[in-house]
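Right, I'll just put the structure down here and ask away after.
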Amino acid sequence: MDIIKKTSKKYQPQGLKIIYDDIDIIVVDKSEGLLTVATEKEKFRTAHYLLTNYIRKGCSKSKKQLYVVHRLDQATSGVLIFAKNEKSEISLKNNWKQTEKKYIAVVYGNFEAKEGNISTYLTENKAGIVYSTPDTKKGKLSTTVYKVIKETKKFSMLEINLITGRKNQIRVHLNENGHPIVGDLKYGKENESHKRLALHARSISFNHPFSGKRLYFEAELPKYFTSLIGQ
């Protein structure tokens, strides 16, 4: 497995750190609060829009396009991949099961079992809230593997491996398990005082769409996390 270190880039888009950039893919560290793609309310302040401008070098008439491979929630920071051509996009998506993604989360409380997995069928209501259902026909099987790597009396820091990648999966599974993520204003505690979600896409490993070489990228853990649980 090759570890590619962060490269020094000029003119990096605000809210994004470019970790790796070649003719086929671009890998970035997305900041918390930045959308991955456009919504009805926000068209321009997104990772996709900013990076499209970046690869076009400010030329709006350029034919260069950026293809979405996967997404991170707006409130989640960390590693994100985009493809620079359709062939790369198709290759990455077709081989997505071989992709390994690891997250770091800080949650409330301590786990009795310091490692394990949470597996439920997830579905979504009309209000956009994801939840677990006993109806196997209504929901999609979703599995989250966790391991406690540090804990205090109040918080636990987890390393999380996603077996499936459903919308809001980590946030829902941990909340329903009695350990909401710190700063989760959507699924967490009603009296939440922390305004930043403590969920970070720490690393990703995958095969390059053309060379087939196994690549590994890691995004630095935000200082916010250590401010919650210590060094």
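Cβ-Cβ distance below 8 Å, separation of 6 or more or different chains: which pairs start in the range 210-227 with a residue that is at negative phi and open to solvent by 50 Å² or more (accessible area, probe 1.4 Å) and end on one that is part of a helix (DSSP H, G or I) and among the basic types (Lys, Arg)?
Final answer for the pair search is PHE210/LYS87.
Give me a count of the residues in the range 186-196 that are more than 27 Å from ILE81 (Cβ to Cβ) and open to solvent by 80 Å² or more (accessible area, probe 1.4 Å).
5
Would you say LYS126 is assigned to a helix (DSSP H, G or I) and either in contact with a helix residue (DSSP H, G or I) (Cβ under 7 Å, 6 or more places away or on another chain) or open to solvent by 80 Å² or more (accessible area, probe 1.4 Å) (or both)?
Judged against the criteria, LYS126 is not a match.
Related question: Please work out which one of (1) open to solvent by less than 20 Å² (accessible area, probe 1.4 Å); (2) modelled with pLDDT under 90 is the condition LEU158 fails and give its number.
(2)
Still on this model: LEU199: loosely packed, with under 15 Cβ neighbours inside 10 Å and under 17 Å from the mean Cα position of the chain (by Cα), yes or no? Walk me through how you get there before you give the answer.
Numbers: loosely packed, with under 15 Cβ neighbours inside 10 Å: no; under 17 Å from the mean Cα position of the chain (by Cα): yes.
Answer is no for this residue.
Something else now. Working only within the range 113-123, note down all residues that are touching a residue at least 40 places away in the same chain (Cβ under 8 Å) and either touching a Pro at 6+ places or on another chain (Cβ under 7 Å) or surrounded by 16 or more Cβ atoms within 10 Å (Cβ to Cβ) (or both).
Result: ILE118, THR120, LEU122.
The values are calculated or read from the model by the stated rules, or taken from the named source; none is laboratory data. These numbers were taken from a predicted model, which means no experiment stands behind them. Note that we place each Cβ from the backbone using ideal geometry, even for glycine, and neighbour counts take in every protein chain shown. Calculation scope for accessible area: heavy atoms of the full protein, side chains included, ligands and nucleic acids excluded. Shrake-Rupley method; radii C 1.70, N 1.55, O 1.52, S 1.80 Å.
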